[in-house]
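Notes for the one structure printed next.
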Amino acid sequence: MILPKLALDTEILQNTKVGDDVYALTVHGGALVNQAQPGQFIHLQSPSGEVFLRRPFGIADMDESDGRLTMYYRVTGKGTRAMTRLLRGAKVNCLGPLGHGFSLSSKRPLLVGGGMGLAPLLFLAKRFQGKADILMGGRNQAELFWKDIFSPHAHEIFITTDDGSLGRKGFTTELLPELLGRGYDCIYTCGPEIMMRGIAEVAVKNNIPCQVSLEKRMACGLGACLSCVCDTAHKERKKICKDGPVFWAQDVFFAH
Ligand SMILES: Cc1cc2nc3c(=O)[nH]c(=O)nc-3n(C[C@H](O)[C@H](O)[C@H](O)COP(=O)(O)OP(=O)(O)OC[C@H]3O[C@@H](n4cnc5c(N)ncnc54)[C@H](O)[C@@H]3O)c2cc1C
Ligand code: FES
C-alpha cells in the first residue's frame, strides 16, 4: 500500500551534539511516526531559509507511544550547520516518510554500517528486536559513539576502525568473511558506497541476499526532478528517492 506523504511542521524536542560534528535531532513527528518504516527518510526544510532545497535524513528512531522521531546528522555544509542552531520548541517542516525501506523478512540478519550510514540501521535494529548482529566501521573510536546507542538493540556487535583505536584494525569488508559462519540469511548495509560495494561482493560470493541503502544529492525527494537517478545492473534508470533508497545489491551494483 502506498501511503500519502505528509509535510508537517514538527516541534523540536531535542537537538544535541552526540559526537564530533554529529547531532541527534528529535522532533514530535505526529502522523509521520505511524507510517515510517526502517530505511525510509525525511526531507527536512531549513527553517532559517539559508538553503532553498530540503535536505534528506534517514529515520534513525521513532517511538509510536509518544510520537518521537529521531534523525542523526553530520555537519557537512550550510544546511546542516543551520540545523545545529535549531532550538527546543521551535518548528521544523518535515516531509515524509519518503522512499522504499528495507525488506524485513530476515530471520538471522546482519547489519553493516559505516559512519553516518549507521543512523538508519538503528531503526532497523530496533525493528528486529535484538536479534540482529551489527558490524560497524569508522575511522576511529570517537566516530563509533554508535556502539553504546546500538547495544540495547543488538544481539552481538563487531567493530572495525581504520586506526585500530577500537575493535579490529581495518575495514568492515575485511572482517565480514570471518563472521559468515554465523548463518546470516540477509545482510543490510548503509554507508560509503565503496564500503557497500565491498560488502555486497562478499555477500554475493557467499549466496547471501544483500540490501543496500544508496545516497545521492536530492532536490524534490518525490520522484519528480530526476536529480537522484542512478543506473541499475539491468540498464534501467531508477530514482533513488522514490524507487530506493534501499535496493537489492544485485539490482544496482552488478552488471547482468
Ligand atoms: C536518502 C538519504 C539519507 C541521508 N541520511 C543522512 C543521515 O541520516 N545523516 C546524515 O548526516 N546525512 C544523511 N544524508 C546526507 C545529507 O542529506 C547531506 O549530508 C546533507 O544534505 C548536506 O546538506 P548541507 O546543506 O549541510 O551540505 P551542502 O552544502 O549541500 O553540501 C556539503 C557537502 O556534502 C556533499 N553532499 C551533500 N548531500 C550529499 C549526499 N546526499 N550524498 C553525498 N554527498 C552529499 C556535497 O557534495 C558537499 O561536498 C542522507 C542523504 C540521502 C540522500
Ligand atoms: S530527488 Fe527529485 S527525483 Fe529524486
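The values are calculated or read from the model by the stated rules, or taken from the named source; none is laboratory data. Here the structure is a predicted model, which means the values were calculated and not measured. Because the Cβ atoms are built from the backbone with ideal geometry, glycine has one as well, and the counts that use them run over all protein chains shown.
Annotations
- Whichever residue in region 197-228 is in contact (Cβ under 8 Å) with a residue 60 or more places away in the chain and buried (at least 23 other Cβ atoms within 10 Å of the Cβ) and, among such residues, is farthest from ligand 1 (Cβ to nearest atom): Ile199
- Pro97 within 15 Å of ligand 1 (Cβ to nearest atom) and of a type outside the set (A, V, I, L, M, F, W, C): yes
- For region 212-242, a tally of residues being near ligand 2 (Cβ under 9 Å from one of its atoms) and of a type outside the set (Lys, Arg) returns 14.
- Of all residues in region 49-75 being without any contact (Cβ under 8 Å) to a residue 12 or more places away in the chain and over 17 Å from Asn34 (Cβ atoms), the one that is nearest to ligand 2 (Cβ to nearest atom): Phe52
- Qualifying residue in region 156-165 (condition: under 17 Å from the mean Cα position of the chain (by Cα) and buried (at least 21 other Cβ atoms within 10 Å of the Cβ)): no
- Unmet requirement for Val252, which otherwise passes all of (1) among the β-branched types (Val, Ile, Thr); (2) within 16 Å of ligand 1 (Cβ to nearest atom); (3) under 25 Å from Thr80 (Cβ atoms): (3)
- Flag if Ala142 is buried (at least 16 other Cβ atoms within 10 Å of the Cβ), small (Gly, Ala, Ser) and not in a loop (DSSP other than H, G, I, E, B): no
- Selection status of Glu193, outside the structural domain of Ala36 (by TED's automatic domain parsing) and either under 21 Å from Ala7 (Cβ atoms) or away from ligand 1 (no atom under 14 Å from the Cβ) (or both): no
- Exactly one residue out of Tyr184, Tyr188 is in contact (Cβ under 8 Å) with a residue 40 or more places away in the chain, of a type outside the set (Val, Ile, Thr) and part of a loop (DSSP other than H, G, I, E, B): that is Tyr184.
- The single residue among Gly39, Gly89, Gly96 that is assigned to a strand (DSSP E or B) and in contact with a Leu (Cβ under 9 Å, 6 or more places away or on another chain) turns out to be Gly96.
- Considering residues of region 119-140 that are charged (D, E, K, R) and in contact (Cβ under 8 Å) with a residue 40 or more places away in the chain only, the residue nearest to Thr173 (Cα to Cα): Asp133
- When the residues of region 171-190 are filtered to those that are of a type in the set (A, V, I, L, M) and out of contact with any Phe, Trp or Tyr (no Cβ under 8 Å at 6 or more places or on another chain), the one that is farthest from ligand 1 (Cβ to nearest atom) is Leu180.
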